[in-house]
Every structure is written in C-alpha cells, then in structure tokens.
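Structure first, then comments.
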Amino acid sequence: MSPRVPIIAAVAAVDASPVFVGRDAELAILDRNLARAAAGRSSAVLVGGEAGVGKTRLVSEFASRVRDRGDERDHALILEGRCFPAHGHPLPYAPFADLFRELTRQVPPADADAILGPASHELGLIVLDADRPRAPGALAEDLETRAASRVRTFELVLGVAERLQRWRPVVILVEDLHWADQASLDLLGFLARTMRQARVLLLLTVTTDEARMDGRVAAAIGDLERTGLVERIELPRFSRAEVAAQIAGILHARPDGDLVDRVMARSDGNAFFAEELLAAELRGDAGPVPPLLDDLLRSRLSTVSETTRAVLRVAAVAGIEVDDDLVAAASGLPSATVAVALHEAAARGLLVRRDHPLEAYAFRHGLLQQAVERELLPGERRQLHAACARALVGSLHPERQAAAIARHWSLADRPERAFPAAVVAGLDAEARLAFSDARQYDEMALSLLAAIPAEAVPPGADELDLLAHAADVTALSGDPAAAVALVRRALVLLRTRDADRGRATFVDREWPASAATFAGTFLDHLRWYLWQAGDYDAAEQVLEEAYRLLPAEPPTIARARLLGHIAGLHLQRGRL
C-alpha cells in the first residue's frame, strides 16, 4: 500500500465545505420537478452558471437527498453520466456509456436483463464498446440503411428508458453538457422530446461562460428551451451571508468578519474562488493574496512537491481524468512515486479520486486543470502531449483511444502520427453511428494530411478514400450540401490521378474502365446527397452519369442498386 503524504491540517481542511450552503430555492425547483416526474409527467431541468459557482455541488446534494429517502421501488433511481472534452475522452455517447454502466451496477441482474431487453447487445456495441471499425478505404454501399440504423439506436435507448421508468422513477443526471459530443446532444434532445409521459427527470448541468459554450451546445439548448420542455436554473453567486456559512463549514467555527469581507470582496460570491482565497489566507502566504485566479491557483500548486507538480502537469495535459498507469507511462516516473504524488495532490485538495465507472483521478475543478496547463511553455506542452500519445499507443487497447491519440499527436505537432489515429477515430465514431463526431475526425484527418510533407505521408494514406468517407458521414450527420462539396472535390481528384497511382485520368469526360466502377459508386452517393438536399434534377442527372459509367458486365451489386435507385426516382416523378 502506498504511504499517505502528511499535510498541514489547516490547508487540508480547505476543500469544499462539508455543510451545504443556501440553494433552498433551487433545491425546491428540483424537488418539484422530481415529484412531477414520479407522477408520470416527465420533466427536464438545465442547471447553468459560470465555472465555479456550484452547479455540481447542487446536483450532488440533490442526488444524495434522493438516495437517502430509501431504496423502495417508489423512490427514484439516480443514474449519473459525464461529458468530457474531446481530447480527454475518445468515445462518442460518453455520458450514455456512464449511464448504462451505472444501470447495470445499481439494478439487480434479473431486473437489468429485463430492462435492457433486446437492446442489450446492440447498445453494448454502439454505446459501450463497439467492434473494431471497418478498414478504411471501402465506400459504404447502403447509405439509407445506415441512416435508419441511427434512428433505431435512438429508439432502442428510448425503449430502455421506458422499461426502466416502469420499474422505478429515474433521474438521468448528465454533467458538463458544454463538453458533450454531437451524438450525445442529439440523443438527449430526442429523449427530452419523446418521453412526455414517463417517470423520468432529465437533469443537466452546463457552464455558460461564453468562452466555453460552443455553437453546437448553444443550438441544442436553444432547441430544447423553445419547445418549453426544459426548466432552466441559472445559479447565482453566493451572498455575503452564504460565503460566511461556507467558510464556517470549512473551518468548523464562526469566521472573523474581516476574513469574510476579504473573501467576499475578492471572490464576488463564486464558491470555488472563495475556497481558493480561504486556502491562500490559511497558508499565510507572504505578501498580499494574488489578484488573479490563475495566480491564486498557482500559489496553491506551489505548496506541493516538485514531483507532485510534475505529475499534475502530465495529468493536466492528459485530460479530465487520469489513472496511475497513464501518468506513470507518460511521466517516466516509477509507479510507486506516481502513487505517492497522486495521494499528495488528493490530500491537498487538487485532485479527487473517482471509483466509478473506473478507478481514476480527476482535478477537483476544471479551473485547476486549466491553471496547471497554462503554466506550461509551448515546447514543454508539445513534449507532454507526445508522451501521452506514446503512453496511449502502448496501452492495452490503443484502438479504443484513437481519438485521444490523434489529438495528442496533433497538439505535439506530429501530423504524420496524428493522421492514422484520426482516420481510425472517424471510423470508430461511424461504427457507433455517431456521424457528426465521425465528420469532425475526418475533417481533422484531411487537415492533418495536408500538413504532412509528401515524403512523410503514411503508407496507404489516400485522400480520395478519406474524402469519400467524409462525404458519407457528413450527409448522414444532416448536412447533405457539405457532402456534395466533398464528393465533387473527390471527383476532381479522381479525374487528375495518374494511372500509376491506381486510378486512371479523365480524357474528354470518358472514365477509363479501371476507374469506372469506383467513379460510378461515387456518383451514386452524390445522387443520395443531392436528393437529401432537395436538388432532384441534379440527382437525376448524376444517376444518368453513374448508369453510363458502371459496366453492365460482369453483373455487380453496385449496378443492381443503381438500377433500383433509377426506378425509384422515376416512380417518385410519376413516370411509371
């Protein structure tokens, strides 16, 4: 067992107040919505506010009170999931993976089997641990089926939620919505809209600072609010009396009025800032308390050993959550040394240990992680990203870490290493039917490929194949116009390829036989994108071109499918 690091009691005490302060009105709103959900009228609440204001503390207190009411069947089951920034967690549907793990952990096996029902296997592949993705380079042959599969996935999740709420009322708690992947946003929106009469409370938290709220999340929240399905709580800062109660809870004593005034004036009622300012006061740092939050957090970091600071730097670059093995591999430090450092960081209130769904350490607050990362020099940051990428490549299942590996190599300025991982990440996201996420990784891969010197392009890297895949997932994500632009770009590239590159060139718009089938398949996909975009005349013209290019002999599935599409188009236009 690793030894625990001795700490100064006063500093150790400054973490979060053991006494829950204020928020009576907000708890009443949550209780009211839970009562409504328990009565069979589903409800959704979005808790927003600036970083550090206490959103997680509020929903954690609410969840704790609900759990304390008992385990009888009429009491609500709490399922918690978290969103992660893209560089810190590779999987689409990240919060739903947490939710399903929580379900199987909290619900007795017999009941869990009945609740998951026919969805168990399929959701296990898509949400939890998808099969290895298909090899890159092959054009998908049935876009309509893939589009329908995503709808089926959403319906399967809806079915699980409906069976679960018949067993017990349920609170689905999803934290840090500002980091959500697009697939999770789409699925959450679907559930909120379809579960109108169910014993479900959907509880979401989001940091609403302008710098954190990107357009995707803002649009998703706006769509939900316009339906009238979501009640929003914008969490205010603490009053002076609440800051005094917060300090009293930490110190286990009534605080001096001057101390309360200083903390209140500097924190302006932000709960996390108040805790950090109190910690600085108790440490007795020489000179005045630092004027800026970053300086304040750096001051706290200065209280730990240099080894622990080195471990924290690795953790900050690695992501929101890290485990001992990853930190040891990336830092080059012995496992025992890393364990001691992580214990010290946790004891000083910099990290917290999380045991579910996996054992890991996380920064007590995202602002702490950002402060550590901002301390790094550009060269040091690139080196640490490269070290994290190598550690993940050497992990037990590197294929499941493709997205994180791609981003670490990219931030290490190594596009030739980031590119293959970005391709795999896009394929993996597509295999999970997370088409918007797959599109983002394909766009990343195209950008990386353009940045690689010709002599360093990885073997097998083919811009044409990548453009084809990017066009597919872009259309499937709901942007057929952008897919049209990508496939036209691919057709131009196909026309200009040299014969020794495996594709023949255009001569007076004639496709040589060696490229005809490939080009015809491209055009068939372009037909689907144009049809989805509502340009039916252009879709018909493309079909005619594809029909001319795809050879009749030998018979192929591609030509048979094309004939079916032509027949369908004539049917829709009344040309029986």
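The values are calculated or read from the model by the stated rules, or taken from the named source; none is laboratory data. Given the structure is predicted, the values throughout are model-derived calculations rather than measurements. Methodologically, a virtual Cβ is constructed for each residue, glycine included, from the backbone with ideal geometry; neighbour enumeration extends over all protein chains shown. For accessibility, only protein heavy atoms count, side chains too; no ligands or nucleic acids. Shrake-Rupley method; radii C 1.70, N 1.55, O 1.52, S 1.80 Å.
Numbers at a glance
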{"item": "HN-Hα J in Hz across segment 147-155 - Karplus 6.51, -1.76, 1.60, θ = phi - 60°, x for Gly and Pro", "result": "4, 5, 5, 5, 4, 4, 4, 4, 5"}
{"item": "Net charge, PHE238 excluded, C-beta distance under 15 Å - Lys, Arg +1, Asp, Glu -1", "result": "-3"}
{"item": "Shape of segment 311-379, Cα gyration tensor, a/c cut at 1.5", "result": "oblate"}
{"item": "Cut-off 9 Å between beta-carbons: net charge of the residues surrounding HIS469, Lys and Arg +1, Asp and Glu -1", "result": "-4"}
{"item": "Accessible surface of segment 139-197 [probe 1.4 Å, protein heavy atoms]: carbon and sulfur percent", "result": "50"}
{"item": "At 1.306 mPa s and 10 °C, Stokes diffusion of segment 221-280 via Kirkwood alpha-carbon radius, µm² per second", "result": "123"}
{"item": "Per-residue ³J(HN,Hα) for segment 407-415, Karplus 6.51 cos²θ - 1.76 cosθ + 1.60, θ = phi - 60°, Hz, x for Gly and Pro", "result": "6, 5, 5, 5, 6, 8, 6, 10, x"}
{"item": "Neighbourhood net charge (13 Å Cβ-Cβ; Lys/Arg +1, Asp/Glu -1) for ARG23", "result": "-2"}
